[in-house]
Amino acid sequence: MNLMVDIGNSTVKWALASGQQLETRGQFMHRGNDLDVLAEQAWGALAVPDRVLVSNVAGTALADRLSAWAGRCWQRSPCFMRAGRRSAGVTNAYAIPEQLGTDRWAAMIAAWHAATGAVCVVDCGTAITLDLVDPAGVHRGGLILAGVGLMRQALCAHTADLRLPIDEQSPVVLATSTGAAISSGSLYAAAAAVDRIVTDMAASTDTQPEVVITGGDAPRLMPLLGLAARHDADLVLKGIAILAGEN
């Protein structure tokens, strides 16, 4: 059994996998918390995995802490994924392949393997990323924009008399409080951007991609999207499992 770990800017998602089949799953917030304590709580009772395979976009300090914990508790050295020129049938569009985030790379691979044609992956986390892969498995490129939380933080940081937290409720187009206006406005802005970008990507590549959405804010954005999208919360972990089979 392998342990797949997806370390984002705020959250760690993980799953045990037998081959490409994900089994036990979990997640925890790492930002501002002690990784050693969180790892012990999440994984301390697990049997020692055969391999620990990691996508990490949160920096080297967190990677070092995870490596130290796995070495001390399991005598395992995690394998940290890197984006390559071509893996699992998908070709990377970046001139310097390793500069592509490993979460984006893994998500694209998982989405393309499940699709029957072109696919656009929308990952709605701290940042929102959009990547298009054509039917032949060629990554045509993508965009990165601020996520919902970052929009709210930027607005409150640079506007007088606004403070977080923002009201969390179902989004409304006619808000009657400042908190609700910011909360709903950021969700509408993100959804509108995703709709427009996917439409332009399709037109510029002459494709009709399936849209697959993942990330922590995906459930809140989906009801606001004008386009059809399939939600897959485990997309990055599935991609790690596919990549693990190649190594």
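The values are calculated or read from the model by the stated rules, or taken from the named source; none is laboratory data. All of these numbers come straight from a predicted model, not from anything done at the bench. Here the Cβ positions follow ideal geometry from the backbone for every residue, glycine too, while neighbour counts run over all protein chains shown.
Some values worked out for this structure:
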{"quantity": "Criterion (in a loop (DSSP other than H, G, I, E, B), in contact with a Phe, Trp or Tyr (Cβ under 6 Å, 6 or more places away or on another chain) and either in contact (Cβ under 8 Å) with a residue 40 or more places away in the chain or crowded, with 17+ Cβ neighbours inside 10 Å (or both)) met by exactly one of ALA83, ALA39", "calculated": "ALA83"}
{"quantity": "Positions within region 115-164 being out of contact with any helix residue (DSSP H, G or I) (no Cβ under 8 Å at 6 or more places or on another chain) and over 24 Å from ARG31 (Cβ atoms), in sequence order", "calculated": "ALA115, THR116, GLY117, PRO135, ALA136, VAL138, GLY141, ALA160, ASP161"}
{"quantity": "Candidates ARG25, ARG72, filtered to the one that is touching a residue at least 12 places away in the same chain (Cβ under 8 Å), of a type outside the set (Val, Ile, Thr) and not assigned by TED's automatic domain parsing to the domain that holds LEU150", "calculated": "ARG25"}
{"quantity": "Those strands (runs of 3 or more DSSP E) lying entirely in region 94-157 with at least 3 residues more than 19 Å from ILE240 (Cβ to Cβ) and either assigned by TED's automatic domain parsing to the domain that holds ALA190 or touching an Asp or Glu at 6+ places or on another chain (Cβ under 9 Å) (or both)", "calculated": "127-133, 139-146"}
{"quantity": "Selection count where residues are over 16 Å from ARG104 (Cβ atoms) and in a loop (DSSP other than H, G, I, E, B), scope region 218-232", "calculated": "5"}
{"quantity": "Tally, over region 173-203, of residues that are closer than 30 Å to LEU237 by Cβ and not acidic (Asp, Glu)", "calculated": "16"}
{"quantity": "All positions within region 200-228 that are of a type in the set (Asp, Glu), closer than 20 Å to ALA136 by Cα and in contact with a strand residue (DSSP E or B) (Cβ under 7 Å, 6 or more places away or on another chain)", "calculated": "GLU210"}
{"quantity": "Pick from region 4-16, criterion more than 15 Å from GLY239 (Cβ to Cβ) and among the aliphatic types (A, V, I, L, M), ranking: surrounded by the most Cβ atoms within 10 Å (Cβ to Cβ)", "calculated": "VAL12"}
{"quantity": "Unmet requirement for SER177, which otherwise passes all of (1) at pLDDT 95 or above; (2) surrounded by fewer than 18 Cβ atoms within 10 Å (Cβ to Cβ); (3) among the hydroxyl-bearing types (Ser, Thr, Tyr)", "calculated": "(1)"}
{"quantity": "Pairs with Cβ under 7 Å, 6+ apart, first in region 152-164 and modelled with pLDDT of 70 or more, second among the β-branched types (Val, Ile, Thr)", "calculated": "ARG152/ILE166; ARG152/ILE182; LEU155/ILE182"}
{"quantity": "So GLY101, is it over 19 Å from the mean Cα position of the chain (by Cα) and touching a residue at least 24 places away in the same chain (Cβ under 8 Å)", "calculated": "no"}
{"quantity": "Residue in region 42-63 that is farthest from the chain's Cα centre (by Cα), counting only those that are loosely packed, with under 15 Cβ neighbours inside 10 Å and within 15 Å of ASN9 (Cα to Cα)", "calculated": "ALA61"}
{"quantity": "From ALA202, ALA180, ALA192, residue being assigned to a helix (DSSP H, G or I) and either closer than 15 Å to GLY147 by Cα or not assigned by TED's automatic domain parsing to the domain that holds ALA110 (or both)", "calculated": "ALA192"}
